[in-house]
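J.: Have a look at this one before I ask anything.
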Amino acid sequence: MLPACAQVKETYLGPGGLLKTAAPGTLMVDCSTVAPSTSQEVAEAAASRGVVFADAPVSGGVGAAEAATLTFMVGSDDAAAFDRASALLQMMGKNVVRCGGAGSGSAAKLCNNLALAIQMIGTSEALGLAARLGVKPEVMAGIMSTATARCWSIDTYPPCPGLNEAVPSSKGYAGGFGVNLMSKDLQLALSESQRVGVNSLPLGEGAAALYRALSATDMGTDDFSVVFKHLYPEIVEERTGGGEADAA
């Protein structure tokens with residue numbers, strides 16, 4: 001699992017890359033979140049050397065990793081390759097899904113994170129507005145968790161401190177999935193959308209702009225749920241007394 005397209009290309013295709021010495025029939029599974037076009041490029045190079053390649057980015061967060069309930073989104077041109085990869089990935093994940101040919105796993109991951117970023121921003125806006133209208137975050141979160149706004153960002157990973165002590169928002173936004181990584185994924189999603197002629201992603205563009213701005217601040221290494229703090233710093237201050245790690 002590597003951080004970006006450049007590192008994936010260097011690792012597989014570079015002068016000292018894995019494909020230079022891999023024996024025919026070797027299975028390579030890349031769990032990086034990168035552009036589908038990058039995964040396809042590596043898959044084509046692997047196939048030319050008789051190497052079996054699958055892109056298999058992952059979702060679920062730290063909790064799912066610890067519980068081995070991750071979701072793997074797998075792209076492979078070869079059904080047999082998926083079967084080989086799946087046997088390994090099922091040791092770490094609960095859901096292993098073949099999304100299609102090479103690059104489709106990467107495509108699915110970018111689309112998932114596009115929706116996740118929009119979802120987190122919307123959840124943050126709603127919780128903050130509710131608080132300012134006199135509805136406590138605990139009450140609003142309870143409503144949203146059982147009503148039509150239910151989503152992972154409210155019932156599992158709420159961005160407001162004190163709603164779930166196990167998630168980053170209650171730990172000073174430390175750990176988790178960083179703003180910088182989310183910003184990178186959103187930019188990849190927008191770039192890939194333009195590559196295939198999809199030029200209208202208004203919410204995605206707005207989310208990308210917001211996370212890009214956050215990435216340029218000292219919040220870049222914080223969990224991406226810190227968007228709540230960015231939008232409503234005074235509520236975070238009220239709920240933590242200035243010490244976010246001690247949120248109540």
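The values are calculated or read from the model by the stated rules, or taken from the named source; none is laboratory data. Keep in mind that this is a model prediction, so the values were computed, not measured. Neighbour counts run over all protein chains shown; Cβ positions are idealised from the backbone, glycine included. Just so you know, the surface numbers come from the protein's heavy atoms only, side chains and all, with ligands and any DNA or RNA stripped out. Shrake-Rupley method; radii C 1.70, N 1.55, O 1.52, S 1.80 Å.
J.: When Rg is the radius of gyration of the Cα atoms in the chain and Rh is its Kirkwood radius, what does Rg/Rh come to?
T.: Numbers: Rg = 19.7 Å, Rh = 19.2 Å.
Computed over Cα atoms, the ratio is 1.03.
J.: Let me ask something additional. Find the relative contact order for region 104-222 and round it to a whole percent, using C-alpha pairs within less than 8 Å whose residues are 6+ positions apart. Let's see the in-between values first.
T.: On the way: 109 pairs, mean separation 31.3, N = 119.
Across region 104-222, relative contact order equals 26 percent.
J.: Taking Cα pairs under 8 Å and at least six residues apart, what relative contact order does region 155-204 come out at, in percent? Present the calculation step by step, with values, prior to reporting the outcome.
T.: Working: 26 pairs, mean separation 8.8, N = 50.
Relative contact order for region 155-204 comes out at 18 percent.
J.: Measure off 7 Å from each Cα along the Cα-to-Cβ vector at T156 and Q194, then give the distance between these two points in nanometres to one decimal.
T.: The modelled label-to-label distance comes out at 3.2 nm.
J.: Rounded, prolate or oblate for region 1-115? Axes are the square roots of the Cα gyration tensor eigenvalues, ordered a ≥ b ≥ c, and the cut-off for rounded is a/c under 1.5. Walk me through the numbers on the way to the answer.
T.: Values: a/c = 1.71, a/b = 1.43, b/c = 1.20.
Cα axes put region 1-115 in the prolate bin.
J.: With a probe of 1.4 Å, find how much accessible area region 77-158 has per residue, and write the answer as a whole number in Å².
T.: Numbers: 4120 Å² over 82 residues.
Accessible surface, normalised per residue, equals 50 Å².
J.: For E125 and L13 in the same chain, what is the full-extension length gain: residue separation times 0.36 nm, less their Cα-Cα distance, in nm? Intermediate values should be presented prior to the final figure.
T.: Values: separation 112, 0.36 × 112 = 40.32 nm, distance 4.32 nm.
Length gained, E125 through L13: 36.0 nm.
J.: Can you quote the Å³ per residue value for the convex hull of the Cα atoms in region 72-156, rounded to an integer? Please report the intermediate quantities before stating the final value.
T.: Numbers: hull volume 7.9 nm³, N = 85.
Cα convex hull per residue, to the nearest whole number: 93 Å³.
J.: Just need the relative contact order of the chain here, percent rounded to a whole number, with Cα pairs under 8 Å and 6+ apart.
T.: Working: 429 pairs, mean separation 38.8, N = 248.
About 16 percent, as a whole number.
J.: Shifting gears a bit: How long is the gain from A115 to M92 if the chain were fully straight, where each residue apart is worth 0.36 nm and the alpha carbon distance is subtracted? Write out the running numbers ahead of the final one.
T.: Working: separation 23, 0.36 × 23 = 8.28 nm, distance 2.38 nm.
Residue separation times 0.36 nm, minus the Cα-Cα distance, leaves 5.9 nm.
J.: Taking only DSSP H segments of four or more residues, each worth -39500 (n - 2.57), what value at 222 nm results for the chain once the sum is divided by all its residues, to the nearest 500 deg cm²/dmol?
T.: On the way: 12 runs with 131 residues, N = 248.
After summing the helix terms and dividing by residue count, I get -16000 deg cm²/dmol.
J.: Using the Cβ atoms and a cut-off under 12 Å, what net charge is assigned to the surroundings of E192, where Lys and Arg are +1 and Asp and Glu are -1? Before the final figure, lay out each step's value.
T.: Details: positive: K109, R195; negative: D185.
Neighbour charge sum, excluding E192 itself: +1.
J.: Subtract the Cα-Cα distance of L133 and A67 from 0.36 nm times their separation in residues, and report this length gain in nm to one decimal.
T.: Numbers: separation 66, 0.36 × 66 = 23.76 nm, distance 3.79 nm.
Using 0.36 nm per residue and subtracting the Cα-Cα distance, I get 20.0 nm.
J.: Show me the helices of the chain, taken as full DSSP H stretches, that run 27 Å or more along their long axis by Cα and average 0.0 or above in Kyte-Doolittle hydropathy.
T.: On the way: long enough: 104-132 (42 Å, 0.63).
Taking the DSSP H segments of the chain (at least 27 Å long, mean hydropathy at least 0.0), we get 104-132.
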